[in-house]
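Below is one structure, written out as structure tokens; comments come after it.
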Amino acid sequence: MGSPQILAWAAIAIGPQGPGLVEPFVDPGYGKVVWAQSPNFNQRPPGTVVDTVVLHHTAGPNLVGTVRWFANPESRVSSHFTVGKDGSIVQHVSTFARAWHAGESILLGRPNLNHYSIGIEMVNIGDGKDPWPKEQVEVVGFLIAHLRKRFPQLRYVTSHEFVAVPKGRKPDPKGFPWKSLEHLGLELIYDMSKRPEPLSEAILSAHRKRQGTSQSLEQQESNVGLGLAVPGLPAEGEAAESRFHREGSGKDTPTRSVDR
Ligand SMILES: [Zn+2]
């Protein structure tokens, strides 16, 4: 497990071929990474500063279910990473690209988290009782610390629950032990009873300026999704939700919006 040969094999086996992907998928093990490309991504707006990590729970019981779902073009959802209960890491989308994990969202006055965040899914059924093993939480911490080297402006770690619009649309990651990430020295924004002040207008204005093309990007997206029927595909969002309901506890809040 974990030799370069095995990793290369895994990367080929779980390529972007979607539902026909080669099985079996093998969890790489604690702290090791395999690439399982998702077709569900697009480009970040030019000039985007990635400064936020959004944490999620998968609402499913195992890593392979999420790997298959994100590899499926019909799901129209993805994240950059998923971390298994044993600390296995799967990367689905380049961190330089825009994964589809947060959906309609806002943080500190800045909408559309997918533009400027990195999404990390964590395997957990999300019933509030499923434990968060030490191995998994540790590896999420290592991963964020590593990402900070690549993105020096990384500053915030938040929850899907906190950023989802409208409020209450998402509950994840339910019961996550946030205190175990305090050592990272980043701002952890997850307490639903505290609503931090939006950033200053000067900062927000600079943010909007950097993402000057985001309007046209959103326009492109709305042409292929957000309630418009795509022939042969189930409605976005609904498909993702219903799949996670089948695989998991069904405790994730149903939504009609799409997490991209
Ligand atoms: Zn989520």
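Bear in mind that the values in this text are calculations on the coordinates, not laboratory data. Everything quoted here is computed from the prediction, not taken from an experiment. Cβ placement follows ideal geometry from the backbone for every residue including glycine, while neighbour counts extend to all protein chains displayed.
Find the all-direction average of the projected area of the Cα convex hull for the stretch 17-139, expressing the result in square nanometres with one decimal place.
Result: a mean projected hull area of 7.9 nm².
Compute log10 of I(q)/I(0) for the stretch 95-136 with the Debye formula, placing one identical point scatterer on every Cα and leaving out solvent, at q = 0.23, 0.27, 0.28 Å⁻¹, to two decimals.
So the normalised log intensities are -0.83, -0.89, -0.92.
Can you put E104, E201 in order, fewest other beta carbons within 10 Å first?
E201, E104
To the nearest whole percent, what portion of all C-alpha pairs in the stretch 167-213 is separated by more than 17 angstrom?
Looking at the stretch 167-213, the distances longer than 17 Å represent 58 percent of pairs.
Can you sort R148, R44 by how many other beta carbons sit within 10 Å, fewest first?
Values: R148 16, R44 23.
Ascending number of Cβ neighbours within 10 Å: R148, R44.
In terms of the Cα gyration tensor, with a ≥ b ≥ c the square roots of its eigenvalues, is the stretch 90-193 rounded because a/c is under 1.5, prolate because a/b exceeds b/c, or oblate?
Note, shape of the stretch 90-193 comes out rounded.
Could you list K167, K32 in order of exposure, starting from the residue whose Cβ has the fewest other Cβ atoms within 10 Å?
So the residues, fewest neighbours to most, are K167, K32.
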